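Quick notes on the structure that follows.
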Amino acid sequence: KGQSREIDRGELYGLVRERLGVPRERCVNMYGLTEHSTQFIDSTIRDQSLGRSGPRHKIVPPWARTLVVDPETLEELPEGEIGLLLHYDLGNRNSALAVLSEDTGYALGGGFELLGRARGAEARGCSVAIDELLAAVGQAGGRP
């Protein structure tokens with residue numbers, strides 16, 4: 001999340017292969033939001049098991065929808081064009097049905113590919129929240 005150092009995706013996959021022996025095509029990334037019940041996973045292993053080939057992308061399950069929208073008009077963009085990710089999740093029975101994220105990506109293969117945070121967007125996520133909590137506890141002398 002940009003708190004210590006950033007490495008690009010290719011370097012990360014290279015390190016995973018070198019240190020753990022796991023080839024890139026067997027690595028599966030997950031993407032989720034605190035505000036949603038659904039987790040989106042890479043298509044890699046599913047595609048391999050079905051004998052498919054194609055670019056890696058996030059799978060959107062039947063109870064969810066992800067649209068890629070123009071950041072200014074919120075109009076849906078055609079496949080391949082980069083915009084903000086707008087997620088709908090029917091699994092959110094007692095909370096928000098839709099969340100417009102500050103994450104960018106493009107529609108691909110019935111799903112989407114995540115590119116990262118929009119320029120100027122605040123860093124978010126579980127690891128950032130834990131870092132902030134630990135810093136606050138440390139400043140309070142170990143007392144929450």
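The values are calculated or read from the model by the stated rules, or taken from the named source; none is laboratory data. Computed from a predicted structure; not experimentally measured. FYI the Cβ positions are ideal-geometry reconstructions off the backbone, even for glycines, and counts take in every protein chain you see. What goes into the accessible areas is simple: the full protein's heavy atoms, side chains included, and nothing from ligands, DNA or RNA. Shrake-Rupley method; radii C 1.70, N 1.55, O 1.52, S 1.80 Å.
List the residue pairs whose Cβ atoms are under 6 Å apart, where the first residue sits in the stretch 33-57 and is within 23 Å of Glu79 (Cβ to Cβ), the second is open to solvent by 80 Å² or more (accessible area, probe 1.4 Å), and the two are 6 or more positions apart or on different chains.
These pairs meet every condition: Gln39/Met30; Ile41/Met30; Thr44/Glu25.
Checking Ser49 against (1) surrounded by 13 or more Cβ atoms within 10 Å (Cβ to Cβ); (2) out of contact with any strand residue (DSSP E or B) (no Cβ under 6 Å at 6 or more places or on another chain); (3) more than 24 Å from Arg119 (Cα to Cα), which test does it fail?
(1)
Kindly indicate whether Leu114 is assigned to a strand (DSSP E or B) and in contact with a Pro (Cβ under 6 Å, 6 or more places away or on another chain).
Numbers: assigned to a strand (DSSP E or B): yes; in contact with a Pro (Cβ under 6 Å, 6 or more places away or on another chain): no.
No; evaluated as a whole, the condition is false for this residue.
Mind listing whichever residues of the stretch 130-144 are loosely packed, with under 13 Cβ neighbours inside 10 Å and either among the charged types (D, E, K, R) or at pLDDT 80 or above (or both)?
Step one: of the stretch 130-144, the residues loosely packed, with under 13 Cβ neighbours inside 10 Å are 130, 132-144.
Result: Glu132, Arg143.
Please work out if Thr34 is open to solvent by less than 90 Å² (accessible area, probe 1.4 Å) and either among the hydroxyl-bearing types (Ser, Thr, Tyr) or at positive phi (or both). Let's see the steps before the verdict.
Working: open to solvent by less than 90 Å² (accessible area, probe 1.4 Å): no; either among the hydroxyl-bearing types (Ser, Thr, Tyr) or at positive phi (or both): yes.
No, not satisfied.
Determine whether Glu81 is over 26 Å from Gly54 (Cβ atoms), charged (D, E, K, R) and modelled with pLDDT of 95 or more.
Details: over 26 Å from Gly54 (Cβ atoms): no; charged (D, E, K, R): yes; modelled with pLDDT of 95 or more: yes.
Taking the combined requirement at face value, the residue does not satisfy it.
Search the stretch 96-129 for residues being among the small types (Gly, Ala, Ser) and either modelled with pLDDT of 90 or more or touching a helix residue (DSSP H, G or I) at 6+ places or on another chain (Cβ under 6 Å) (or both), and hand back the single one that is most open to solvent (accessible area, probe 1.4 Å). Steps first, please.
Residues of the stretch 96-129 among the small types (Gly, Ala, Ser): 96, 98, 101, 105, 107, 109-111, 116, 118, 120-121, 123, 125, 127, 129.
From what's left, either modelled with pLDDT of 90 or more or touching a helix residue (DSSP H, G or I) at 6+ places or on another chain (Cβ under 6 Å) (or both): 98, 101, 105, 107, 111.
Working: Ala98: 45, Ser101: 8, Gly105: 0, Ala107: 24, Gly111: 9 Å².
The extreme case among them is Ala98.
Taking the stretch 68-95 as the search range and keeping residues that are touching a residue at least 40 places away in the same chain (Cβ under 8 Å) and in contact with a strand residue (DSSP E or B) (Cβ under 8 Å, 6 or more places away or on another chain), which one is most open to solvent (accessible area, probe 1.4 Å)?
Filtering first and then ranking leaves Pro71.
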